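Worksheet: the structure to be examined is printed underneath.
Only the coordinates and a few stated rules stand behind these numbers; no lab work does. Given the structure is predicted, the values throughout are model-derived calculations rather than measurements. So basically every Cβ, Gly included, is an ideal-geometry build from the backbone, and we count neighbours across all protein chains shown.
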Amino acid sequence: LFPDQCDIKTDPFMVFKDLRVLSNLSIADTWLNSSVMMKLFKNVWKSSFEETVFLNITYNEDTPDGFQLPKQNYTTNLRAFVLDGVHHHQYHYPTFNVSMELVNRLTYLKFSGTGMNILPCNLISAIKSLQVLDLSNNLLGESGFWWIGCSSHKVFPSLRTLSLSHNRFKDLAEIAKKVNDMKFLESLDLSFNSIFIGQPCFWPPHLTELNLSHNNLGNDVFRYLSQYFQKIDLSKTGISVIPLNTTSMFPRLRYLYLSFNSIQVIPPDFRPPTLVSLHIDQNAITFISQKSLEGFPKLKTLKAGHNPFSCDCDSFWFMTVFNKSLLSDWPLDYTCSTPPSLSGRRLETFEHGWLSCQPGLQVTVVLSVLFMVGAALAVTVYACDGVWYTKMLWVWLRMKRRGYKRADRLLNATFRYHAFISYSQHDSAWVGSQLVPELERSGLSLCVHERDFEPGKWIVDNIIHCVEDSYKSLFILSKHFVQSEWCNYELFFAQHRAISVNDDSLVFVLLEPIPTDSLPKKFLKLRRLLRRKTYLEWPADERKQRVFWCSLKAILQTVDQSRILKDVATGIAE
């Protein structure tokens, strides 16, 4: 627009002051001489422009004193000034001399891509109204930004946001120390530098946002940050693990950016209570579990795309249950990586069975099926009197087992009877018509008091002798039995004999139901025996009676530590 050979006699920018409806001026891709720049800015300061932008210009210093803007007798409206992309025609530092009164209302200033490596003293840093300063894409380092020839105190009195991205800063501890002098600084951008860590960093409490992205820092970077940070950008910093104590280190953290790293898992104990946004895309995460995210009560935005997700049960919760409205990059950036057969497939199209991926549901189904089968079996057993048959089988097996273990002892036994029958006179009809005939047909020798007591002897003596001469004492229990005094004597002597010889010789047959709690006090021993010993019950069903007889015969033929007549003992042993 204004080439080097142009000879401008008049001021072409005087019209700016009359353009009251315009608030923005942009000049791009052009050549500007310092003489033209001074005329332009004199008119910009007089105009209503609040923002002036220069993009991609070539600057030529054609005046001996460079760029000079002395104090003027008017007030400027300029609030923002942008100089983005400057090519210097001469290879030397340009000269600037601007009156501070001309920029006393400036709040936003950007010098980007200008080749700046030294910040002029008492110029930019002295602007009292400046709140945002962008010096990105320059050649600045610690020594250039905080030039040794300049005072570092009382600088940037109102600055809140500072961008030093794409420069040559290195020492994070030195930077932390210097920004303590910027009393109102809240946000600092150090991305795309050559930052290294080593010394402890002491950050001011008013600094709440820090951008360290695209610096090779590693996992230790978390130890050099501030507990006051609310927003941290650590994208592409070489992080592979999120430290376990991250939650306690940053109690106020609200925004965390960890994109483009090598993180494999979000640890379950990572529970920042105030976090509202997490970016963890472009990492090495294969699945996101419920435990990983349940510690984020205020999370509103999650960006986790472009990770090598495993399309299996590990990702089942994330694919089916997780609220996808929180994902800012769903669904295009979420694809399967493994297994190979599903590689490249979008997660939203992947379907997996609920039952195969939920162990709890599997257990519930299995237990439900087992319960139903068990219930059906129980009903069947109850309907077919299975409980009674099982009980009889157990008694029979138990007695048979004892008999096999002690069969050799019967060969020296000297008993006269297999069993002494104790019963009430009221039950003699059942004993005489069913019990005695059935057992004696099987070759068992029985002692029945009506038949085998010796005449002339005392009844008590007969009871004692019969009990001692019998291998077993068989008691036919009924309501009449517990009312009989003699039955009580017979039970007493039989129990005394069993205790004295350490012999399991008592056998009980329950002819009719007798609640143990209804027994008279004199039968307290019988009550304890019935609660402790197994007994047989006489069934009314004829089919069950066959099982009853087999069980009873097995009991009476069971070997014990008793003695029996040689011929009888041999029969039992066989």
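So for each of 269-279, 159-169 I average, over its residues, the number of other beta carbons within 10 Å; can you give me the resulting order with the highest mean first? Show your work: numbers first, answer last.
Details: 269-279: 17.9, 159-169: 20.0.
Ranked from most to least packed, the peptides come out as 159-169, 269-279.
Got a sec? How would 550, 311, 357 order by Cβ neighbour count within 10 Å, fewest to most? Walk me through the numbers before you get to the answer.
Details: 550 14, 311 25, 357 17.
Least to most surrounded, the residues fall as 550, 357, 311.
Under the Kirkwood approximation for Rh and a Cα-based Rg, what ratio Rg/Rh is obtained for segment 240-352?
Numbers: Rg = 13.6 Å, Rh = 14.2 Å.
We get a ratio of 0.95 for segment 240-352.
For segment 296-348, what number results from the quotient of the Cα radius of gyration and 2.2 N^0.38 Å?
Working: Rg = 11.2 Å, N = 53, 2.2 N^0.38 = 9.9 Å.
With N residues counted in segment 296-348, Rg over 2.2 N^0.38 Å equals 1.13.
Going down the table (170/303; 110/177; 183/231), which pairs top 26 Å between alpha carbons? It would help to have the intermediate numbers written out before the result.
Numbers: 170/303 30 Å; 110/177 24 Å; 183/231 19 Å.
Pairs exceeding the cut-off: 170/303.
Mind ranking 190-196, 454-460, 420-426 by how tightly packed they are, going by the mean number of other C-beta atoms within 10 angstrom, highest first?
On the way: 190-196: 18.6, 454-460: 9.4, 420-426: 22.3.
Packing proxy ranking, top to bottom: 420-426, 190-196, 454-460.
Given labels modelled 7 Å from the Cα in the Cβ direction, how far is it in nm from residue 479 to residue 107?
With each label point 7 Å from Cα toward Cβ, the separation is 10.4 nm.
Give me the number: length gained by fully extending residue 178 to residue 75, i.e. 0.36 nm times residue separation minus the C-alpha to C-alpha distance, one decimal in nm.
Working: separation 103, 0.36 × 103 = 37.08 nm, distance 3.33 nm.
Between residue 178 and residue 75, full extension yields 33.8 nm more.
When a footprinting reagent is the concern and you count Cβ atoms within 10 Å, what order do 29, 189 take, fewest first? List each step's numbers first, then the result.
Details: 29 10, 189 21.
Ordered from fewest to most neighbouring Cβ atoms within 10 Å, 29, 189 come out as 29, 189.
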